[in-house]
Amino acid sequence: MSCTTQSLRGSLKKMTFITAPTTTATGSDIRVRFCPSPTGTPHVGLIRTALFNWAYARRTGGKFIFRIEDTDASRDSEESYGQLVEGLRWLGIDWDEGIDTGGPNEPYRQSERGEIYQEVIEKLKSSGHLYESFLTGEEIEQRNIANSRAVQLGYDNSERDLSEEDRQSYLSEGRKPALRLRVPDQDITFVDLVRGEITFPAGSFPDFVLVRPGGAPLYTLVNPVDDALMGITHVLRGEDLLSSTPRQIALYNALVEAGVATFIPRFGHLPFVMGEGNKKLSKRNPESNLFLHRDRGFIPEGLLNYLALLGWSISADRDIFSLDELCENFEIENVNPNPARFDQKKADAINSAHIRLLTDEDFMGRILPYLQSAGVIQGEPTAKQLEILSAAAPLTKERVIVLGDVPAMVEFLFVDVADLKIDEDALKQLPENAVEIVAAATASLQNLEDFTTDAIHQALSDALVDGLGEKPRNAFGPVRTAISGRRVTPPLFECMEILGKEQSLARLEAFAQSR
RNA sequence: GGCUCCAUCGUUUAGCGGCCCAGGACGCUGCCCUCUCACGGCAGUAGCGCGGGUUCGAAUCCCGCUGGAGUCACCA
């Protein structure tokens, strides 16, 4: 009996070849997914992966599925899970199926799919693709040393045809077997969507473990199984998974033979997002943290535009584009395989360009939370504060890189004379006759009926430039400092109009007295 | 070490045999605009890793080298 099984297995082994077809899905049949595991805060490299998958689905009319890979209870956290969802929502990356949204392949968290995996494992076992492996890592290493086989080669597939006696003997010792995939002895070739044809020679990797002793399925099983079950046609993921692709193709082939899947998806491996030096942007690097960018005041449009530029471009002479434009033009085949470095300066420039593209009203709405968290506005804004905000918005929009720059720039508009602080660097560059200039300014404005930008400008020019013979730069500097306490501000005359005549004059007088 | 991937200005990207003694953007420098700072405009700076082929012609194709990266878990 065992002899028959042996020879049967032997012939089965010889017959194990990659015969399963690769998907031919195009257009709306395309199904892509984003399947992070919830560890730590969302990383910009991860977000770039999500973005490209999403853009590809939107470009092709396909479906974007959001699944969570939380099979490692020790590393996964609910907090991280929440952040992933929050991050995507904030960015406006929406999904057609998955977490919260639901869909025909529920549940979308691997921690809730245990029964599904057990069924698949049974099918794989009964179709002869899995076999029991009792050797521990230590024993495998010892075997290699004893056989003068390189230790790095790992497992030697020695239990492929374990005899029933040996099996019983292991079991009687109380050992429980892991389950390994019988990997075909064959070169594995696939056409990577971003890199072209890639071949891994036969023997590149040993039979690998899919199920832990005790029955807990590993990522190696669960990731391709879920992709298969969810009908994923295109797997776009980080370059770090490139060398595991032949393993997954081998598994897929088994899945097809076992009747679990019907095709092998196509793969595309996205270049790394690098940090300083030649290292992958690690979670230790602050700029890898999605929420740090948000807290600084990146807007989703800016961050996503920049991230898209890491490996892709919309055309030869343009790099500012909207999400809609990304979706209309994104082609996975155009993704550059080179690793790309995250450059904060460039990211900042892209973000500030997008901020300038915002309408004043939109901008105003977006800076409010930043003003609140900086304490410039406490709680809900008053009508007066909204009025100031609305007047200041167009003035500041053009001169910030991130929304977080706004509070310091406009704070002086929201405080009373008594609370106005005069910065050191503003005082330092004042001319000798600053007090004289401010006094002249006060005099010229006191009787100004029409306290508007143009009228203020006219009055001050007449008094200071024509009257005192000062260069404009010297003339308005002290006024700016008196009004704002700062060296750099939004346009002065507009600011004075926003403050109003009374407040402006009060500040000029307070300044003169303090000198 | 085995296997795999990658290689154009400081950075990012265009280039898929002649349109390129290599284009855009960011950065940096200078100038203009200007009440400061920005914005905007103009100009400048700087690159095909090396060596062989193939070809009338190569940044583009092939091979080798060098360099960099990833991966070889009962992590994901």
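The values are calculated or read from the model by the stated rules, or taken from the named source; none is laboratory data. All figures in this text were calculated on a predicted structure; none of them were measured in a lab. A quick note on method: Cβ atoms are made from the backbone with ideal geometry, for glycine too, and the neighbour counts reach across all protein chains shown. Accessible surface areas use protein heavy atoms only, side chains included; no ligands, DNA or RNA. Shrake-Rupley method; radii C 1.70, N 1.55, O 1.52, S 1.80 Å.
Does the range A:249-261 include one or more residues that are touching a Leu at 6+ places or on another chain (Cβ under 7 Å) and either free of Cβ contacts under 8 Å to residues at least 40 places away in the same chain or polar (S, T, N, Q) (or both)?
No - not one qualifying residue is present in the range A:249-261.
Just a yes or no: is a residue in the range A:353-367 within 24 Å of A:Ser504 (Cα to Cα) and open to solvent by 20 Å² or more (accessible area, probe 1.4 Å)? Write out each step before concluding.
The initial filter retains those residues of the range A:353-367 that are within 24 Å of A:Ser504 (Cα to Cα), namely A:364.
From what is left, the residues that are open to solvent by 20 Å² or more (accessible area, probe 1.4 Å) are A:364.
Looking through the range A:353-367, at least one residue is within 24 Å of A:Ser504 (Cα to Cα) and open to solvent by 20 Å² or more (accessible area, probe 1.4 Å).
I'd like to know if the range A:220-234 contains one or more residues that are more than 9 Å from RNA strand B (Cβ to nearest atom) and open to solvent by 50 Å² or more (accessible area, probe 1.4 Å). Walk me through it before giving the result.
If we filter the range A:220-234 for residues that are more than 9 Å from RNA strand B (Cβ to nearest atom), which is where we start, we get A:224-234.
Remaining after also requiring open to solvent by 50 Å² or more (accessible area, probe 1.4 Å): A:229.
Within the range A:220-234 (the criterion being more than 9 Å from RNA strand B (Cβ to nearest atom) and open to solvent by 50 Å² or more (accessible area, probe 1.4 Å)), the answer is yes, since at least one residue qualifies.
If I ask for residues that are without any contact (Cβ under 8 Å) to a residue 24 or more places away in the chain and surrounded by 13 or more Cβ atoms within 10 Å (Cβ to Cβ), which ones from the range A:328-348 would you list?
The answer is A:Asp343, and nothing else.
Filter the range A:387-400 down to the residues that are within 12 Å of RNA strand B (Cβ to nearest atom) and without any contact (Cβ under 8 Å) to a residue 60 or more places away in the chain, then identify the one that is farthest from A:Leu357 (Cα to Cα).
Here the answer is A:Pro394.
Would the range A:101-119 turn up any residue that is farther than 18 Å from A:Ser243 by Cα, open to solvent by less than 40 Å² (accessible area, probe 1.4 Å), within 15 Å of RNA strand B (Cβ to nearest atom) and in a loop (DSSP other than H, G, I, E, B)?
Scanning the range A:101-119, I find at least one residue that is farther than 18 Å from A:Ser243 by Cα, open to solvent by less than 40 Å² (accessible area, probe 1.4 Å), within 15 Å of RNA strand B (Cβ to nearest atom) and in a loop (DSSP other than H, G, I, E, B), so the answer is yes.
Per-residue answers, yes or no, for (1) within 30 Å of A:Phe17 (Cα to Cα); (2) open to solvent by 30 Å² or more (accessible area, probe 1.4 Å):
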| position | (1), (2) |
| --- | --- |
| A:Leu255 | yes, no |
| A:Val260 | yes, no |
| A:His269 | yes, no |
| A:Val273 | no, no |
| A:Arg294 | no, yes |
| A:Ile299 | no, no |
| A:Tyr306 | no, no |
| A:Leu309 | no, yes |
| A:Ser313 | no, yes |
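Look at A:Arg59 and say whether it is touching a Cys at 6+ places or on another chain (Cβ under 9 Å) and surrounded by fewer than 24 Cβ atoms within 10 Å (Cβ to Cβ).
Yes: the conditions hold for A:Arg59.
Limited to the range A:62-86, what total is found for residues that are buried (at least 21 other Cβ atoms within 10 Å of the Cβ), within 24 Å of A:Leu310 (Cβ to Cβ) and touching a residue at least 60 places away in the same chain (Cβ under 8 Å)?
3
Name every residue in the range A:122-142 that is outside any loop (DSSP other than H, G, I, E, B) and away from RNA strand B (no atom under 14 Å from the Cβ), in order of residue number. Explain how you work it out, then say what you get.
The first filter runs over the range A:122-142 and keeps only residues outside any loop (DSSP other than H, G, I, E, B), leaving A:122-126, A:130-133, A:137-142.
Matches in the range A:122-142: A:Glu122, A:Lys123, A:Leu124, A:Lys125, A:Ser126.
Can you pull out the residues in the range A:157-196 that are of a type in the set (Asp, Glu) and within 11 Å of RNA strand B (Cβ to nearest atom)?
A:Glu159, A:Asp187, A:Asp192
Among the candidates A:Pro265, A:Pro286, which residue alone is more than 16 Å from RNA strand B (Cβ to nearest atom) and surrounded by fewer than 17 Cβ atoms within 10 Å (Cβ to Cβ)? Steps first, please.
On the way: A:Pro265 fails: surrounded by fewer than 17 Cβ atoms within 10 Å (Cβ to Cβ).
None of the other options fit; the residue is A:Pro286.
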